[in-house]
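Below is one structure, written out as structure tokens; comments come after it.
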Amino acid sequence: MPSLFKAGDVMIGGIFPVFNKQEDSSASFVKEPDKVKCAGFDLRAFRWTQVMMFAIDEINKDSSLLPNVSLGYRILDSCASPTNTIRAALTLVSSPVEIEPTAPCLPTISALIAESGSSQSLAVAGTLGPFRVPMVSYFSTCACLSDKGKYPTFFRTIPSDYHQAKALAALVKHFGWTWIGAIQSDNDYGRNGVQAFTEEVKKLGVCIAFVGTVLRTYPSSKILDVVDMIKQSTVQVILSFVPEGDLYPLMREVVRQNITHIQWIASEAWITAARPSTPEIYSSFGGAIGFVVRKMAIPKLRHFLMGISPYTDRKAAFVRDFWEKMVGCWPLSAGEPSGSERSSKTCTGAETLVDSQDLFFNVTQLRVSYNVYKAVYAVAHALHRLIFCKKEGESPMRPCVNLSQIQPNEVSDQLKTVHFINQFGEAVFFDGNGDPPASYDVINWQLRAGQVQHVTVGQFGLAANQAYELSIQEDSIVWRTGKSVIPVAVCSQICPVGTRKAQIKGKSVCCFDCIPCADGTIANATGAADCSPCPQEYWSNDGRDQCILKTVEFLSYHEPMGIALTMVSLLGACLSFATMLVFIHYKDTPVVKASNSELSSLLLFSLFLCFLCPLTFIGRPTAWTCMLRHTAFGVTFALCISCMLGKTIVVVTAFRATLPGNNVAGKFGPSQQRIIVCSCTVVQIFICVLWLNLNPPYRDFRYSHRKIVLECNTGSETAFYAVLGYIGILAGICLVLAFLSRKLPDNFNEAKFITFSMLIFCAVWITFIPAYVSSPGKFTVAVEIFAILSSAFGLLICIFAPKCYILFIKPERNTKKHVMGRN
């Protein structure tokens with residue numbers, strides 16, 4: 001295999017993809033190695049070889065790093081192929097072959113600087129790992145290579161894709177992109193990179209619309225399939241995790257079909273590559289953004305590169321290809337006929353690189369080349385730790401081991417712990433996985449003065465708190481074809497406040513409809529996955545973006561129904577009080593005397609209280625009003641019906657007294673009437689006292705959709721219906737007795753009026769129960785007030801209206817004769 005070679009006490013191998021494709025892929029490097037031909041000279045990779053040579057020359061001139069020890073190298077081409085890379089690696093680690101007839105026997109290589117592609121590095125690391133040969137890569141980023149169980153002697157000076165995936169995910173999150181496509185190369189680099197990226201962005205709720213696969217050896221039909229996938233998709237942002245050589249065929253097809261609406265995210269493999277950085281490619285890939293390792297300048301390298309010449313060492317591999325690329329002519333070697341079959345002209349020998357302005361000689365923004373430089377120095381420092389020791393009291397360093405006895409596994413062990421500060425002030429070391437610390441620049445493709453420039457617009461790396469941090473100067477970024485507006489990359493527009501996401505069946509989670517939140521729930525932030533329920537005391541507003549206090553509902557004095565009931569209640573109380581005053585004024589008249597003035601006055605007083613009871617039902621309920629309203633109602637109505645019962649018994653005894661030999665009337669005087677009234681009322685008072693002690697009424701909040709019903713809970717339904725039941729029993733007894741006495745011979749037969757009033761009373765309270773149970777909210781209270789007022793008015797009107805009629809309208813009937821039924 002053609003190689004760049006220099007003899008030394010300690011040899012270091014190098015493998016670089018100087019040519020980026022194999023012309024005859026069917027040729028076997030085992031059976032037909034001479035037929036394996038590579039093409040596509042890569043200036044970038046050739047510069048890597050020169051950086052390795054430069055670093056070794058620099059180390060050999062350093063009297064402090066490896067004094068009296070010369071480093072040598074042998075550099076081979078991998079042809080960007082895993083099989084050719086293995087061939088090169090086996091060539092380097094095998095027993096040394098004769099380079100020149102007069103050359104001395106050289107030691108085997110102590111370390112290997114290889115390779116750029118992850119697939120190539122995986123092949124070599126898996127092959128050389130069992131032999132403990134250390135391998136330091138400068139551009140292989142696959143996270144899979146961090147597995148020390150499989151690749152124990154693999155190291156690298158470029159961060160793993162594990163960190164790059166986090167960087168790319170942070171970039172996507174920073175710009176709010178949730179719907180993107182991905183392009184991967186059909187090798188370990190692409191597949192593992194996209195997989196790591198997908199795992200990271202899924203944590204952020206980002207969806208991958210599609211994953212296209214490309215490779216430099218793919219037929220054009222497969223490339224067209226990927227282009228069709230891009231055109232048919234709705235994505236506006238695409239990540240390309242592909243090496244530059246594999247991506248270039250797709251780039252050309254995208255440009256040919258004039259696809260210019262895509263914002264491209266680049267992996268470090270192509271964002272700074274020279275071949276695609278042309279105005280032609282920029283028309284579709286302009287504004288591409290991606291990450292690369294930090295740049296560094298190596299000023300002395302330029303002079304070294306300018307000294308490359310095919311005439312200095314005519315046997316040096318790859319130099320004539322470089323000269324043809326740079327100068328445009330083919331330099332003839334000694335004895336080579338001038339009639340070469342190459343298309344380029346033959347050089348005259350007067351050509352020079354002195355005035356060349358090619359980017360090849362720009363050593364101020366080195367990235368991968370700087371990684372090669374660090375890899376060589378890392379090996380040199382490992383050799384230093386292995387070879388030299390300094391005894392106490394001795395200043396010069398002396399070799400501790402025989403150079404011929406150095407084993408690769410010893411170099412590998414030293415690389416694990418190597419740590420030094422290089423001449424540029426950067427700390428070089430490897431972590432437990434053989435990886436360097438992660439640190440990236442954010443690069444943006446911009447067109448300046450007709451040339452594609454790789455402009456640094458941000459950084460990504462570990463902050464002081466050991467957390468990843470992304471900083472971007474957004475004003476410096478040029479998007480797509482020069483637009484300054486950040487591209488929008490969403491499958492569905494973000495849901496506004498008041499709505500939530502509703503997944504569309506059969507589509508990605510990033511594709512959704514926005515539906516309004518249900519009543520009682522809100523979404524006060526855009527893009528809500530679910531609506532949050534409002535607290536119990538709150539309800540959603542019309543926009544479903546804010547919880548507002550529910551309306552507290554109770555029967556108020558200020559609303560029309562409350563005002564009406566209050567007025568009717570006060571009217572009844574006034575009528576009761578006025579009637580009582582009338583009866584006091586006319587207490588000596590036959591009509592008042594005949595109606596038992598004492599019981600009538602007590603009845604009017606109880607009716608007065610009954611009419612005032614509804615006032616405790618109106619207004620904001622409190623703990624005291626809740627206990628007062630039901631107990632006051634129960635006691636006052638028990639007193640009222642007890643008075644009615646007393647009057648009824650008086651009428652019955654009066655009727656019985658007309659019968660011969662019956663002196664019941666004499667035994668049922670005023671004292672007995674008071675006892676009946678008091679005893680019947682005391683029973684109700686006893687029931688209410690038990691109620692208040694055992695399970696009293698209390699203020700309660702009943703929550704409905706848009707309001708809070710503030711009401712009094714009876715506490716014990718049993719006690720409530722016991723109070724009603726007791727009043728019903730008294731009313732029933734009174735009704736029966738009055739009904740039996742309805743045919744008394746007097747003109748003024750009070751039993752008829754008592755019967756009619758009790759019928760009204762019972763009818764009201766029988767219909768009250770179903771109405772009470774079925775009425776909502778404050779109407780429950782209104783129904784109870786209506787029942788109280790209706791029954792009270794029924795008693796007042798039926799019992800006292802006829803008497804007032806005689807007193808005021810027909811005073812001539814207010815005589816004892818008329819009352820007794822005598823003409």
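Some notes on this structure:
- Elements of type strands (runs of 3 or more DSSP E) contained in region 522-571, each with 1 or more residues being aliphatic (A, V, I, L, M) and farther than 30 Å from residue 511 by Cα: 547-549, 551-553
- Within region 460-472, one or more residues are of a type outside the set (Val, Ile, Thr), touching a Lys or Arg at 6+ places or on another chain (Cβ under 7 Å) and farther than 30 Å from residue 281 by Cβ.
- Selected residue (criterion: least open to solvent (accessible area, probe 1.4 Å)) from residues of region 233-266 that are part of a loop (DSSP other than H, G, I, E, B) and hydroxyl-bearing (Ser, Thr, Tyr): 233
- Checked against (1) more than 27 Å from residue 677 (Cβ to Cβ); (2) open to solvent by less than 40 Å² (accessible area, probe 1.4 Å); (3) of a type in the set (S, T, N, Q); (4) at pLDDT below 80, residue 774 passes all but condition (2).
- Answer residue from region 584-596, given it is part of a helix (DSSP H, G or I) and crowded, with 17+ Cβ neighbours inside 10 Å and is modelled with the highest pLDDT among those: 590
- For region 499-517, the criterion of a residue being within 30 Å of residue 370 (Cβ to Cβ) and of a type outside the set (Asp, Glu) is satisfied by no position.
- Flag if residue 269 is open to solvent by less than 50 Å² (accessible area, probe 1.4 Å) and either in contact with a Pro (Cβ under 7 Å, 6 or more places away or on another chain) or more than 22 Å from residue 440 (Cα to Cα) (or both): yes
- Checked against the criterion of being open to solvent by 50 Å² or more (accessible area, probe 1.4 Å) and among the aliphatic types (A, V, I, L, M), the candidates 769, 785, 799, 806 yield just one match: 769.
- Once region 548-559 is narrowed to residues that are without any contact (Cβ under 8 Å) to a residue 40 or more places away in the chain and not hydrophobic (A, V, I, L, M, F, W, C), the residue that is least open to solvent (accessible area, probe 1.4 Å) is 559.
- Scan region 46-85 for residues that are out of contact with any Lys or Arg (no Cβ under 9 Å at 6 or more places or on another chain), open to solvent by less than 20 Å² (accessible area, probe 1.4 Å) and assigned to a loop (DSSP other than H, G, I, E, B) and the total you get is 3.
Conditions (1) more than 20 Å from residue 81 (Cα to Cα); (2) of a type outside the set (A, V, I, L, M), marked per residue:
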site: 151; (1), (2): no, yes
site: 164; (1), (2): yes, yes
site: 172; (1), (2): yes, no
site: 183; (1), (2): yes, no
site: 189; (1), (2): no, yes
site: 206; (1), (2): yes, no
site: 228; (1), (2): yes, yes
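- Residue list for region 284-324, filter: in a helix (DSSP H, G or I), without any contact (Cβ under 8 Å) to a residue 40 or more places away in the chain and open to solvent by 50 Å² or more (accessible area, probe 1.4 Å): 303, 320
- Helices (runs of 4 or more DSSP H) enclosed by region 645-742 - at least 3 residues per element that are modelled with pLDDT of 80 or more and within 54 Å of the chain's Cα centre (by Cα): 670-694, 717-740
- Residues of region 469-487 that are under 24 Å from the mean Cα position of the chain (by Cα) and open to solvent by less than 80 Å² (accessible area, probe 1.4 Å): 470, 471, 472, 486, 487.
- Residue that is least open to solvent (accessible area, probe 1.4 Å) [pool: residues in region 351-369 that are more than 18 Å from residue 18 (Cα to Cα) and among the hydroxyl-bearing types (Ser, Thr, Tyr)]: 356
- Of residues in region 560-583 being open to solvent by less than 40 Å² (accessible area, probe 1.4 Å), farther than 24 Å from residue 816 by Cα and among the aliphatic types (A, V, I, L, M), the one farthest from the chain's Cα centre (by Cα): 573
- Highlighted here are the strands (runs of 3 or more DSSP E) found entirely within region 378-468 that include at least 1 residues which are in contact (Cβ under 8 Å) with a residue 12 or more places away in the chain and open to solvent by 60 Å² or more (accessible area, probe 1.4 Å): 439-448, 451-462.
- Those residues of region 118-134 which are over 18 Å from residue 186 (Cα atoms) and free of Cβ contacts under 8 Å to residues at least 40 places away in the same chain, in sequence order: 125, 126, 128, 129, 130
- Some residue of region 175-183 being modelled with pLDDT of 90 or more, within 26 Å of residue 295 (Cβ to Cβ) and of a type outside the set (A, V, I, L, M, F, W, C): no
- Some residue of region 418-429 being of a type outside the set (A, V, I, L, M) and farther than 22 Å from residue 139 by Cα: no
- Region 598-630 - residue that is within 25 Å of residue 671 (Cβ to Cβ) and either in contact (Cβ under 8 Å) with a residue 60 or more places away in the chain or assigned to a loop (DSSP other than H, G, I, E, B) (or both) and, of those, farthest from the chain's Cα centre (by Cα): 598
The values are calculated or read from the model by the stated rules, or taken from the named source; none is laboratory data. If you're wondering where the values come from, they're calculated on a predicted model, not measured in any experiment. Because the Cβ atoms are built from the backbone with ideal geometry, glycine has one as well, and the counts that use them run over all protein chains shown. Side chains are part of the model used for accessible areas, which takes the heavy atoms of the whole protein and leaves out ligands, DNA and RNA. Shrake-Rupley method; radii C 1.70, N 1.55, O 1.52, S 1.80 Å.
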